[in-house]
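For reference, the structure is listed below as structure tokens.
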Amino acid sequence: MEEINFDPFRDRQARDIRNSLSAAFTRSVEELTPTAFESTGQSLLQTKLPDAKKSYILDHLERYRKCLAIFIRQPETTLLQKSLILWDNELFFEVHEILEKLWMEAQGREKIALQGLIRAAGVYILMRGGSRKGMEKMAAKAVKALEENLDVFPDFPSPHRLLAKLKALDPHPPKLRQ
């Protein structure tokens with residue numbers, strides 16, 4: 001997990017960095033090329049930034065490269081499968097961004113299940129920001145949505161592990177593809 005020194009909840013510059021990198025990464029995922037996130041990251045690194053922000057950028061660029069390499073090797077990977085790869089690399093904000101595209105087109109129980117997964121990612125985003133009350137509320141909503149609807153994703157590899165971690169508010173996120 002990232003250091004608390006990078007705080008997009010209270011620091012506008014950190015939020016802008018996170019959002020810019022994530023948007024560029026999402027474009028790179030769509031295009032299956034690292035151009036967007038690499039150029040955004042390098043542009044950000046050229047500015048005068050504190051070490052914690054530079055570390056965040058470098059860390060995320062490395063994680064993005066790792067994930068994108070998997071997506072390129074497996075171009076038939078669905079957005080849901082991609083979100084699980086991102087999750088296992090603790091890219092929870094990016095999980096939210098990727099799943100939101102599916103959520104906007106989904107209907108019925110699938111939409112509710114996707115919302116549960118988005119909220120589950122949100123729990124781990126909030127954990128980084130230290131919002132205990134927010135985490136508890138979001139985790140409860142995620143658990144309810146997932147327990148009632150996760151069967152709409154028959155290939156989801158580890159729903160019980162995810163549910164257990166959310167219920168316990170375990171700060172160590174589960175790996176979802178193992």
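FYI, it's all coordinate maths here, none of it is from the lab. What you see is a predicted model, and the numbers here were worked out from it, not measured in a lab. Ideal geometry is used to build each Cβ from the backbone, glycine not excepted, and the neighbour counts take in all protein chains shown.
Each Lys and Arg adds +1 at its Cβ and each Asp and Glu adds -1 at its Cβ; summed about the Cα centre, region 78-178 shows a dipole of about 380 debye. Cross-link pairs exceeding 30 Å between alpha carbons, from the set K82/K165; K54/K111; K66/K101; K53/K82: K54/K111. Net length available on complete extension from D51 to S39 is 2.4 nm, with 0.36 nm assigned per residue and the Cα-Cα distance removed.
Using the Cα centre of region 1-77 as the reference point, and only Cβ charges (+1 on K/R, -1 on D/E), how large is the resulting charge dipole? Debye, rounded to the nearest 20.
Details: 12 positive and 12 negative charges, 26 e Å.
Here the size comes out at about 120 debye.
Centroid-to-centroid, using Cα positions, region 2-45 and region 114-178 are 23 Å apart. Just tell me the longest site-free run in the chain, where the sites are trypsin sites (Lys or Arg not before Pro) in a DSSP loop having at most 15 other beta-carbon atoms within 10 Å. Answer - 49-174.
Per residue, the Cα convex hull of the chain amounts to 107 Å³. Of the residues P34, W87, S131, the one whose Cα sits farthest towards the positive end of the charge dipole of the chain is S131 (charges of +1 on Lys and Arg Cβ, -1 on Asp and Glu Cβ, taken about the Cα centre). Beyond 21 Å, what share of the Cα-Cα pairs of region 27-113 is found? Please give it as a whole percent. Looking at region 27-113, the distances longer than 21 Å represent 36 percent of pairs.
Under 10 Å, Cα contacts only: if you run a Gaussian network model on the chain, which one of L91, L49, L21 comes out with the highest mean-square fluctuation? Of L91, L49, L21, the most mobile in the Gaussian network model is L49.
Helix 12-31 axis versus longest C-alpha principal axis of the chain: approximately 70°, rounded to the nearest ten.
Taking one equal scatterer on every alpha-carbon of region 1-77, how large is log10 of I(q)/I(0) by Debye at q = 0.17, 0.27 1/Å? The calculated log intensity ratios at q = 0.17, 0.27 Å⁻¹ are -0.63, -1.27. Maximal additional length on extending the S158-A140 stretch stands at 4.7 nm, based on 0.36 nm per residue less the C-alpha distance.
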